[in-house]
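The values are calculated or read from the model by the stated rules, or taken from the named source; none is laboratory data. In this text the structure is predicted, and so the values were computed from the model without any measurement. Counting neighbours? That spans all protein chains shown, and the Cβs are built from the backbone with ideal geometry, glycine included.
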Amino acid sequence: MDEQELREFARSLPMAEEYDHGGRPSFRVRGRPRFAASLDEHGISLVAGEQAIREAVAEWPETCTESWHGPKLVAVRVAYPRMPDEVVIELVTESWANRAPARVVRQYRADHPG
């Protein structure tokens, strides 16, 4: 998956919108706090919740690193070009689900089983 494909996927998630954050493409759900940020050709930061961040780093330590803001674990930096597309899609979707309304997430998952 390249940068443009990842951008298109993130924008395709229900209610997702792209915006500029520090000169890099970032994504949020209708004005809510971002679920993905700082997309570039090397990686993307995903705000997936502490448990999901720790799981990603544990499972893919070569391509996922924790991002801290002071004492708080806030994101996981994912080197997506070095990961299988299906894993990247799963991680971005989980990050989106962490920010999207529960009813929207339920409907998305019902429409996209697996």
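Given the criteria crowded, with 18+ Cβ neighbours inside 10 Å, out of contact with any helix residue (DSSP H, G or I) (no Cβ under 6 Å at 6 or more places or on another chain), closer than 18 Å to ARG7 by Cα and of a type in the set (Phe, Trp, Tyr), does TRP60 qualify? In short, no. Annotation: PHE35 fulfils all but one of (1) more than 15 Å from ALA100 (Cβ to Cβ); (2) buried (at least 18 other Cβ atoms within 10 Å of the Cβ); the unmet one is (1). Is at least one residue of the stretch 91-109 part of a helix (DSSP H, G or I), surrounded by fewer than 16 Cβ atoms within 10 Å (Cβ to Cβ), without any contact (Cβ under 8 Å) to a residue 60 or more places away in the chain and of a type in the set (A, V, I, L, M)? Yes.
Criterion first (surrounded by 15 or more Cβ atoms within 10 Å (Cβ to Cβ) and part of a loop (DSSP other than H, G, I, E, B)) does ARG77 satisfy it? So ARG77 fails the test.
Hey, any hits in the stretch 21-38 for a residue that's within 14 Å of the chain's Cα centre (by Cα), assigned to a helix (DSSP H, G or I) and either modelled with pLDDT of 95 or more or under 22 Å from MET1 (Cα atoms) (or both)? Within the stretch 21-38, not a single residue is within 14 Å of the chain's Cα centre (by Cα), assigned to a helix (DSSP H, G or I) and either modelled with pLDDT of 95 or more or under 22 Å from MET1 (Cα atoms) (or both).
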